[in-house]
Amino acid sequence: MIKICNVTQGREFVRFFQWIRCSTVTLKYTRKFAESGKVIKLFELNYDDKEIRAVEEVLRSRWISMGPKVEEFEARFAAMVGRRHAIAVNSCTAALHLGMLLSGVGPGDEVIVPSLTFVATVNSILYTGGRPVFADITSEVDLTVSYEDIVKKTTDATKAIVVVHYAGFSCDMNRICDFAKARGIAVIEDACHGPGGIYLERPLGSLGDVSCYSFYSNKNIATAEGGMLLADKDEYAEKARLLRSHGMTSNTFHRKDNSSSYDVVALGYNYRMDEIRAALGLVQLSKLPASIKKRNMLAKRYIELLRKSPFIVVPFTNYQGLSPYYIFPLRITGFDRDELAAKLLDAGIQTSRHYPPVHKFAIYQSYGCQLPLTEKIFGELITLPLHDLMTERHVEYISETIIEITSSVN
């Protein structure tokens, strides 16, 4: 039996008890992790012998620059999204740049864009001399760009609107596209998070004037580097194919058995995709339906377990569509987000934050804007591991660890 001699000693005992309780929680989740001895990574590639064989086939063909694999990848990707044309490029940054050029964005033109995105989305505006106009997010549970703020910030100088399907969840595309069409404004879909996603019975990336995808190594379709530009207009596709390869009227593959002559009719770029990445993309594309099914199953389990905590808000829980769940973001309220991330790392769980608001970066601070909701929500956001190689046991361990850590504040 412990004897309390005075009030001061009693307070010290309470503090000591709270420390013991917190330490016990820490020891509990650390002990569980120690038994496995592995870090649960934010993302892992779903690669196997199929990717190895695909690359080997390309190497044995002795044709590794842009060729038949690229054309096949383009055709299959366009069919998945339901668009007439797909132009494979070496990054989504390249696709976004081409999208700006196709939309006629030039010096002095304004482009409305969310700040809660990767910086490449906004950089592409500067490449053509445009001026980014940052828009806030929709709400505390819908982290896509706000239709109302788009309308509010549209001016006579607005040339294009960039939408980002954050984490694989669609923006309010019907209202945004109707508004843009009435004003003669282009809509560019940054669909990096959205391949295979469905909203209102339409694939993500099928409604804007152009749509752009990424195949970076942490994306749902991963080829190390790579991107895709999609459009329905024939003139857009023709111009994009010229611009991705120095403005040349033919490429090396088409010339290899024919005339070697060509003309240069535009100031283009070296944005080509190679055969190795296209071969990887074809395999990854075939795995996408199973990947989306797996990610949705894991996300559902996360939600079931994490709703027990009063400190956690899961965005998009009322979403009416199919998300490919590129990432699984949470809002942490009533508990320090960075402290949670540090303790999760101690427990062998890698996390991240998607994304630091672009308007806060040094290069963009001169554009001067206030996005109160974006700034508030980013301070609460944490991204949990979610990938094809995870199991429900991983999700249960991560969720239980979060609940144990956050419960230590009581």
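The values are calculated or read from the model by the stated rules, or taken from the named source; none is laboratory data. What you see is a predicted model, and the numbers here were worked out from it, not measured in a lab. We place every Cβ from the backbone using ideal geometry, glycine too, and count neighbours over all the protein chains shown.
Here are some notes:
- Residue 77 of a type outside the set (A, V, I, L, M) and at pLDDT below 95: no
- In segment 318-368, the residues that are hydroxyl-bearing (Ser, Thr, Tyr) and either without any contact (Cβ under 8 Å) to a residue 60 or more places away in the chain or over 24 Å from residue 221 (Cα atoms) (or both): 333, 364, 366, 367
- Filter result for the condition that a residue is at pLDDT 95 or above and buried (at least 24 other Cβ atoms within 10 Å of the Cβ), over 190, 209: 190
- The C-beta contact set for segment 390-410 (first residue farther than 17 Å from residue 342 by Cβ, second residue part of a helix (DSSP H, G or I) and aromatic (Phe, Trp, Tyr), distance under 7 angstrom, 6+ apart or interchain) comprises 395/302; 399/302.
- Failed condition for residue 357, given (1) touching a Ser or Thr at 6+ places or on another chain (Cβ under 6 Å); (2) closer than 25 Å to residue 300 by Cα: (2)
- Residue match in segment 369-376 (condition: touching a residue at least 40 places away in the same chain (Cβ under 8 Å), surrounded by 20 or more Cβ atoms within 10 Å (Cβ to Cβ) and out of contact with any strand residue (DSSP E or B) (no Cβ under 7 Å at 6 or more places or on another chain)): no
- Selection from segment 364-401 of residues that are within 12 Å of residue 115 (Cβ to Cβ) and either modelled with pLDDT of 95 or more or in a loop (DSSP other than H, G, I, E, B) (or both): 364, 365, 369, 370, 371, 372, 373, 374, 375, 377, 378
- For segment 339-363, the tally of residues that are buried (at least 20 other Cβ atoms within 10 Å of the Cβ), over 19 Å from the mean Cα position of the chain (by Cα) and in a helix (DSSP H, G or I) stands at 3.
Per-residue answers, yes or no, for (1) farther than 19 Å from residue 369 by Cα; (2) touching a residue at least 24 places away in the same chain (Cβ under 8 Å):
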position: 123; (1), (2): no, yes
position: 126; (1), (2): no, no
position: 149; (1), (2): no, no
position: 158; (1), (2): no, yes
position: 161; (1), (2): no, yes
position: 170; (1), (2): yes, yes
position: 176; (1), (2): yes, yes
